[in-house]
1. Residues of segment 69-104 being hydrophobic (A, V, I, L, M, F, W, C) and part of a loop (DSSP other than H, G, I, E, B), which ones?
2. Residue by residue through segment 14-32, note down the ones that are in a helix (DSSP H, G or I), open to solvent by 20 Å² or more (accessible area, probe 1.4 Å) and in contact (Cβ under 8 Å) with a residue 24 or more places away in the chain.
3. Going by what's in this entry, would Asp185 be described as open to solvent by 20 Å² or more (accessible area, probe 1.4 Å) and over 17 Å from the mean Cα position of the chain (by Cα)?
4. Taking segment 155-173, which residues are touching a helix residue (DSSP H, G or I) at 6+ places or on another chain (Cβ under 6 Å) and buried (at least 20 other Cβ atoms within 10 Å of the Cβ)?
5. Among all residue pairs at least 6 apart or on different chains, which show Cβ distances below 8 Å where the first residue, located in segment 87-106, is touching a residue at least 40 places away in the same chain (Cβ under 8 Å) and the second is polar (S, T, N, Q)?
6. Scan segment 105-144 for residues that are of a type in the set (D, E, K, R) and not in a helix (DSSP H, G or I) and jot them down.
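The values are calculated or read from the model by the stated rules, or taken from the named source; none is laboratory data. In this text the structure is predicted, and so the values were computed from the model without any measurement. Here the Cβ positions follow ideal geometry from the backbone for every residue, glycine too, while neighbour counts run over all protein chains shown. Keep in mind that these areas ignore ligands, DNA and RNA; they rest on the heavy atoms of the full protein, side chains included. Shrake-Rupley method; radii C 1.70, N 1.55, O 1.52, S 1.80 Å.
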Amino acid sequence: LTEDLDGAKKYFERAYKADPTDTIVLFGLAETYIRMQHLTDAENFITKALRQNPDLAPLYLKLGIVLNMRNKFKKAEEAFVHADELMSKEEPLRQTLYVNYGIALVGQQQTQDALSWFDKALLLNPRNATAYNYKGAILYRLEEYDSALRAFNLSLDIDLQNPITLYNRAMVYTKLNEHSKACLDFHAACRKGNVNACKQILVVCKQKEQ
């Protein structure tokens, strides 16, 4: 996969030099930088591309995603505002926009506002597992554990083996004093590489076994 991304990067960089106005090349190179975790390169490239193409909503969306990944949440929100203004109402990317807009607000501790954006994403696509997972995480922070559990259950109905969601649901179960269910989820998440779940097995499950 790394070699594939390296090859894609070289290909798109050559194509960009040949024709910096080709939107497919712009989107492809931006996405390649993101997937390679070259976030500084991605931010700089997309910012430059937007100066030349200020009406491309998908580029603003990608810029916001990169800024979220760099914990620049206020700047990310500004990018998402531009994307929202430029994007048509029927654009399939809107659900991605709404989820990432919500993430930017979570990063700014605006949890109630973030909830509304995750709900907007779910109105567009009721099978958006990511939106349910983030919604559940907010409800957990708000100590609305029954509602959080419902959100995580809905997420796992769609994406059954997601280790992050399994871990999140396990944390809810611990708050509800359902430790056997929590430990089942911690073990499942740990087997899938979630280190925090592995730690919780030692903290929560081993103590209960003693």
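1. Kept after step one, since they are hydrophobic (A, V, I, L, M, F, W, C), are these residues of segment 69-104: 69, 73, 76, 79-81, 83, 86-87, 93, 97, 99, 103-104.
Met87, Leu93 - these are the residues of segment 69-104 that are hydrophobic (A, V, I, L, M, F, W, C) and part of a loop (DSSP other than H, G, I, E, B).
2. Within segment 14-32, Thr23, Phe27, Glu31 meet the criteria.
3. no
4. Ser155, Leu156, Thr165, Leu166, Tyr167, Asn168, Arg169, Ala170, Val172, Tyr173
5. Between residues of segment 87-106 that are touching a residue at least 40 places away in the same chain (Cβ under 8 Å) and residues that are polar (S, T, N, Q), the close pairs are Ala104/Asn68.
6. Just the residues of segment 105-144 that are of a type in the set (D, E, K, R), to begin with: 113, 119-120, 127, 135, 141, 143-144.
Of everything in segment 105-144, those that are of a type in the set (D, E, K, R) and not in a helix (DSSP H, G or I) turn out to be Arg127, Glu143, Glu144.
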